[in-house]
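Beneath this line is the structure, given in C-alpha cells, with notes to follow.
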Amino acid sequence: MIVDVFGIEAFLPGSQIDVKPIRDYDQYVEKTMEFKVVKINQEFKNVVVSHKALIEADIEIQKKEIIGKLEKGQVLEGVVKNITSYGVFVDLGGVDGLVHITDLSWSRINHPSEVVELDQTLNVVILDFDDEKTRIQLGLKQLNAHPWEALDDTIKVGDTVKGKVVVLADYGAFIEVAQGVEGLIHVSEMSWSTHLRSAQDFVSVGDEVEAQVLTLDREERKMSLGIKQLHPDPWNNIAEKYPVGSKHEGTVRNYTNFGVFVELEEGIDGLVYISDLSWTKKIKHPSDFVSVGDKLEVEVLELDVEGRKLNLGHKQTTENPWDAHEATFAIDSIHEGTVKDKSDKGLIVTLQDGVEAFVPSRFITKEDGTKLAKGDTDKFKVIEFNKEFRRVVASHTSIFKAQEEKNIKVAQKKAESADKTTLGDLGGDLAALKKKMEGK
C-alpha cells in the first residue's frame, strides 16, 4: 500500500499492516494510522514503513502474560485465524492455538469449515501444550458432554435403530445412530451368505439404514449392529427349497483356483468344483469357463445344513456324453484325430465329438520312422478308455504294428501249409514204393 507521510509517498508491505493475516486491504484506504519508519533509501527516494512493528512489542508483552497463565482445562475466548484441512488456528490474543479436526465435533466431519468460519469468535478449552507453551492444543467439542452420555437409556441389545452411514471400509460400515454415537455393522452381519464380500456391495456413505443392536457397551462406548438379523435366515428351510438333485439358475459371484461360488439367492451360495463344470473340457482355471456375473445352471449335489455348505454341479445339468463315448471309443477302435499339443510325455490328440486322447511318446512313431508333430492329422487306435476319469489313451504306432503282426501270421500260416503239402507228397511216394516192393 502507499502511505502519505508529510506529503512523501512511503511503501507499506501487506505483511507489515498487522500481526494477523489481512484478507480485506480496502478497509485501510484513507485510514490514518501510526507507522514506524523501517527503511530509507536516499538514492531511490524510497521509504518503507510498518504498523506491525509498533504493535509487536505490545503483543509480545500480552503474549507473555497469556502464556504465563495457561493451564490445561482452561476455557478461553479466541478468534478463528486460519482454517486448514487438518484443523483450525485460533488467535487467543497474540497467542495461536490449534484445534485439530478430531477435536472440533463429536460427530465425524470431512472439513473444519463445516463447523467454524474465519473471524468467528468462539470459546475453546486448552487440552495440552509443550514446555515452552509455543504449541497449544485446543478443543471445541470438549465443551459439550459426550454424546454417549446423552444416549437414550432405553436402547438395549435386540432393539432396532436407524442411522446414516458415515464411514465405509471393506470390513464394515460405521452408522451414526445419534449425533456423535456410532455403531459398526461388520460385513459378516450384512448378509446371511457365508461367502463374505466387501461392505461397499451393500451400502454407501450417506445411506439411511435400519439395523439391530447386537452388542452395547456404554462404558467402552462401543456398539455393534446387524442388518441381516432383520430378515429371516434363508437357511432355515434350505432343505425344502434346494433339495439334493434339484436344478436351479444362479449367479457367479466369485471363483478360486478350485471352483466357482454361485449365488442362488441373497444369503445362499454354493461351490461348484472345477471338476464339476464340464464333462468334456479340461479346465485349468474357472475363469476360462465363466465370468463373475454370469448366469449358470446348477444341480444341488450335497447339502450340509449345519455347516451351511452347498455343493453344486454344472455338468450334471446335462447328460454325460461319456456314456455314448464308451461305445464309440471302444478298445481297439480306430479314429481320425488331429494333434493339438505335444510334450515330452506324448501328444494330446483331438478326436471326434471334441474328445481329447493322450498318446504316449512310444506310440507316436509313424510307419516311415518319423514322429507325429503338432497339427498332424492321422489315424489312432484306442488302447485304454476310462469313463470315470474321462480318459482316453490312443496309439498311432499300434495300427501299422498290428498290420505287420497280421502279415507275419499270414505268412507263417502259408509256410506251415506248404510244409504239410511237401510231407504229404513224400508220404504218397513212400506208400507206392512199399507196394511195389511187396509185389516183387
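The values are calculated or read from the model by the stated rules, or taken from the named source; none is laboratory data. Remember, it's a predicted structure, so these values are computed and weren't measured experimentally. Virtual Cβ from ideal backbone geometry, glycine too; neighbours counted across all protein chains shown.
Among the conditions (1) assigned by TED's automatic domain parsing to the domain that holds E240; (2) not in a strand (DSSP E or B), the only one that E388 does not satisfy is (1). Filtering region 304-323 to residues that are closer than 11 Å to W235 by Cα, of a type in the set (A, V, I, L, M) and assigned to a strand (DSSP E or B) leaves only L310.
For the residues V203, V167, the requirement of being in contact with a Phe, Trp or Tyr (Cβ under 7 Å, 6 or more places away or on another chain) and either modelled with pLDDT of 85 or more or more than 10 Å from G226 (Cα to Cα) (or both) singles out V167.
The strands (runs of 3 or more DSSP E) found entirely in region 131-231 that carry 3 or more residues being buried (at least 16 other Cβ atoms within 10 Å of the Cβ) and not assigned by TED's automatic domain parsing to the domain that holds E114 are 160-169, 172-178, 181-186, 208-217, 222-226. Within the set of pairs 6 or more residues apart or between chains, which connect a residue that is surrounded by 10 or more Cβ atoms within 10 Å (Cβ to Cβ) inside region 21-34 to a residue that is among the polar types (S, T, N, Q) and outside any loop (DSSP other than H, G, I, E, B) with Cβ atoms less than 8 Å apart? Correct list of pairs: P21/N82.
Only one entry of G78, G14, G73 meets the criterion of being in contact (Cβ under 8 Å) with a residue 12 or more places away in the chain, surrounded by 15 or more Cβ atoms within 10 Å (Cβ to Cβ) and of a type in the set (G, A, S), and that entry is G78. Does L92 satisfy the criteria of being crowded, with 18+ Cβ neighbours inside 10 Å, of a type in the set (A, V, I, L, M), modelled with pLDDT of 90 or more and in contact with a helix residue (DSSP H, G or I) (Cβ under 7 Å, 6 or more places away or on another chain)? Taking the combined requirement at face value, the residue does not satisfy it.
V38 meets each of the listed conditions (1) within 60 Å of the chain's Cα centre (by Cα); (2) part of a strand (DSSP E or B) apart from (1).
For region 347-382, the set of residues classified as within 24 Å of W279 (Cα to Cα) and either in contact with a Lys or Arg (Cβ under 8 Å, 6 or more places away or on another chain) or of a type in the set (A, V, I, L, M) (or both) consists of L347, I348, V349, T350, L351, V355, E356, A357, F358, V359, P360, V382, listed by residue number.
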